[in-house]
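What follows is one structure encoded as structure tokens, with my remarks underneath.
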Amino acid sequence: MSIPDLPETPPTPMPVTAAPNWSWVPIRSLGPRHRERITAHLLLLETSDRYFRFGYSATDAQISKYVDMLDFEQDEVFGIFSRRLELIAMAHLAHSVAAPKKDSPAMSEFGVSVLPTARKRGFGRRLFEHATLHARNRGVETLLIHALSENTAMLKIARNAGATVVREGSESDAWLKLPPDTFASHVDELVGHQAAELDYRLKVRARQVSGLLDAIGEVKTSLGKTSKVAEE
Ligand SMILES: CC(C)(COP(=O)(O)OP(=O)(O)OC[C@H]1O[C@@H](n2cnc3c(N)ncnc32)[C@H](O)[C@@H]1OP(=O)(O)O)[C@@H](O)C(=O)NCCC(=O)NCCS
């Protein structure tokens, strides 16, 4: 599939500057130390979701291999964690994609997955917006989303952002031309990163406090039982 002529500016405003009903979703940048969590997340996807995500029904072994091969230096991986620190949604922004022609502008490919229990809450869209911000801040001019034509949700996210969708039978490519980076787009990225890190640390602390309270509760219960036995 060759890159189509893309409109100079997306028909809808870029999501980075849009978002009237904005509510913040913490999105963290993931690194090599997150491989285990990424694997656990992807293994929770059912066969049909794996087919949508990878274009084939990836086996557990193929998923492990994919995660092992993730290049966190070259590419970017983002995640959304639940309060229990489960990775409920993640996206892979592959900067290593070869441009279709020698002189074609820099482009990156976006792939995403949201656990079934966390769907239809806007996480897929948020990860896409986050990825477009990071891509434009790295000088990427075009974002590619390769999806099955029946993947309504993914194609909707792409179309809503102004992407041009080219369908070839059962497969579709969505191309989104990105605006150049600005001072504001870099500030957006920095602020988002720091806020997400803070959110994660607060969740870790909350888990620790909750674990401590559980342990105190257990000690209290067993002490109560012991003193009851002693009284008898
Ligand atoms: C595609 C996927 C990431 C969407 O995640 P999500 O968090 O549920 O998506 P959102 O809540 O952000 O919804 C985005 C849009 O798609 C629509 N949508 C969501 N699920 C839908 C569905 N099953 N059918 C039709 N539309 C759907 C939403 O209404 C929303 O549109 P709107 O903004 O116009 O209202 C998720 O379904 C998934 O992980 N699928 C398996 C893997 C996959 O397909 N990856 C994409 C290929 S790389």
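The values are calculated or read from the model by the stated rules, or taken from the named source; none is laboratory data. These numbers come from a predicted model, not from an experiment. Cβ placement follows ideal geometry from the backbone for every residue including glycine, while neighbour counts extend to all protein chains displayed.
Structure notes:
- Flag not set for R35, criterion: of a type in the set (K, R), at pLDDT 95 or above, within 10 Å of the ligand (Cβ to nearest atom) and under 18 Å from I88 (Cβ atoms).
- You will find that of I145, I157, the residue that is surrounded by 14 or more Cβ atoms within 10 Å (Cβ to Cβ), within 16 Å of the ligand (Cβ to nearest atom) and assigned to a strand (DSSP E or B) is I145 and no other.
- Applying a threshold of 9 Å to beta carbon distances and a minimum spacing of six or more residues, or different chains, the list of pairs starting in the stretch 178-203 at a residue that is exposed (fewer than 13 other Cβ atoms within 10 Å of the Cβ) and ending at one that is not in a loop (DSSP other than H, G, I, E, B) reads P180/R136.
- Failed condition for A61, given (1) part of a helix (DSSP H, G or I); (2) surrounded by 19 or more Cβ atoms within 10 Å (Cβ to Cβ); (3) not basic (K, R): (2)
- Test: K228 is over 30 Å from F54 (Cα atoms), charged (D, E, K, R), in a helix (DSSP H, G or I) and touching a residue at least 24 places away in the same chain (Cβ under 8 Å): no
- Residues that are under 13 Å from S29 (Cα atoms) and among the hydrophobic types (A, V, I, L, M, F, W, C), drawn from the stretch 169-190: L190
- Applying the condition of being buried (at least 21 other Cβ atoms within 10 Å of the Cβ) and among the polar types (S, T, N, Q) to the stretch 103-141 and asking which residue is nearest to the ligand (Cβ to nearest atom) yields S113.
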